[in-house]
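Take a look at the structure set out below.
The values are calculated or read from the model by the stated rules, or taken from the named source; none is laboratory data. None of the values given here were measured: they were computed from a predicted structure. Here the Cβ is made from the backbone with ideal geometry for all residues, glycine too, and neighbour counts use every protein chain on show. Keep in mind that these areas ignore ligands, DNA and RNA; they rest on the heavy atoms of the full protein, side chains included. Shrake-Rupley method; radii C 1.70, N 1.55, O 1.52, S 1.80 Å.
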Amino acid sequence: MEKFVIEGGRPLKGEIRVSGSKNATLPILAATLLTDGVCEIRNVPKLRDTWTMCKLLRTLGKTVEISGNKVTISGSANTPVADYKLVSTMRGSFCVLGPLLAKLGKAKVSMPGGCVIGVRPIDLHLKGILALGAKADFEAGNVIASASKLKGAQMYLGGTFGSSVLATANVMMAAALAHGETIIESAACEPEIEDLGSFLSAMGAKIEGQGTPRIVINGVRKLHGVSYRIGSDRIEAGTFLLMAAAVKSDILVKDVQYNHLLALIDKLSYTGVRVDKDGSDIRIRCKKILKPANVVTHPHPGFPTDLQAQYMALMAITPGVSIVTDRVFPDRFMHIAELNRMGAQIRRDTGSAIIEGVRQLYGAPVMASDLRASAALVIAGLVAKGKTEIHRIYHLDRGYEDLDQKLIQLGAKVFREKD
Ligand code: UD1
């Protein structure tokens, strides 16, 4: 295992290029199961989660070649069984369900179960494929779905906590090869769904409305291979903006879609940070003490749950009181205890965290509990006085490409060491 050692209290400066989006990459890689053609996918982030999906595709019969940030996938899916060991390590792998069902007429995919950010049901995924005429059963922890022919249908995919990103992705992929028209109402509007829609279109799918709550798909008989570039990672970009705000710095974050980050930018502007669009880059300038601001997470275009922990780290060192509420994953607060070990004053009150901003955090040994919680600890470590050791950074390696190298490029003192 490895750890990060951060010597805090240094400003960041310079510029950083954002990598390809992890959450767009996973369903796009899964979508290659829909074709026997060759797919060349560029700007793929080099991450543990990406490699897990590549491994899963290999076990399903595909040939996967990786060269830097390019992944080339060929061959045909030849088994509907998604390996438990791989699916259980990454929830994102559940999005092979839709493409396997559409291509092979059958899918046996291990149920992803819960994780540290809370209970993670799959009812909307099942609702979607049942509406397309599939049957679904549970057996020994697996979902077994089958359909001799998928038929397009109108469906409502909103759930208790709003839309679901991967359920929308699963239905889009299944419907791409179904017979007739599918209309998904209350579809997830996340940019990663837009990216998946563009990828499917490039493969020959007839799909409209991706990025809006109503997606219309007219099934086609066959999809072909494609060369495609993944869009940039808005969560990584947002994390860098929050890091710069926390250490009161000016940096240029390159290759970002400003429009994807409006909820965060709006909040940062309110707190006193200056954020400017500069072509396809974002410049952030932060000099002064900020004012606190409450945040409630929502599905896109609301404030993303995947930036909640990092925003809380910023509020932890912003004098005054703020409240952070997670409406997407109401139990996603594992980072509170670790931030408090560094001197933060945060207490949990059901689905919210109440943060009393302090003037200073202090370096300490802390434990990463999940991907975004780990990023919050990195922010705290960059601000803190003294040395912070973050253990279990394999969580960070799941979702941030070369984070230590990028931070070093920005002038931070970050060391990756054996733990
Ligand atoms: C995706 C992202 C994850 C992000 C999340 C919310 C990937 C690989 N992961 O996860 O980083 O935090 O979106 O933006 O893209 N729900 C149901 N029933 C379902 C499915 C979900 O009730 O069948 C609920 C969830 O418990 C949660 C909410 O819907 O409260 C949103 O979850 P969802 O959008 O499905 O998250 P994922 O797609 O798994």
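What the table shows:
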quantity: Options K3, K55: the member that is charged (D, E, K, R) and either open to solvent by less than 30 Å² (accessible area, probe 1.4 Å) or within 28 Å of Q409 (Cβ to Cβ) (or both); calculated: K3
quantity: Test: residue in the stretch 87-97 that is open to solvent by 10 Å² or more (accessible area, probe 1.4 Å), farther than 20 Å from Y394 by Cβ and in contact with a strand residue (DSSP E or B) (Cβ under 9 Å, 6 or more places away or on another chain); calculated: no
quantity: Which numbered condition R372 misses (of (1) within 29 Å of M90 (Cα to Cα); (2) charged (D, E, K, R); (3) in a loop (DSSP other than H, G, I, E, B)); calculated: (3)
quantity: Answer from I393, I336, I317 - the residue that is touching a strand residue (DSSP E or B) at 6+ places or on another chain (Cβ under 8 Å), within 19 Å of L268 (Cβ to Cβ) and either of a type in the set (V, I, T) or away from the ligand (no atom under 16 Å from the Cβ) (or both); calculated: I317
quantity: Test: residue in the stretch 308-323 that is more than 15 Å from A246 (Cα to Cα), in contact (Cβ under 8 Å) with a residue 40 or more places away in the chain and part of a loop (DSSP other than H, G, I, E, B); calculated: no
quantity: Residue tally, condition hydroxyl-bearing (S, T, Y) and buried (at least 18 other Cβ atoms within 10 Å of the Cβ), over the stretch 132-191; calculated: 5
quantity: Meets criteria (among the hydroxyl-bearing types (S, T, Y), within 13 Å of the ligand (Cβ to nearest atom) and farther than 15 Å from K103 by Cβ) for T182; calculated: no
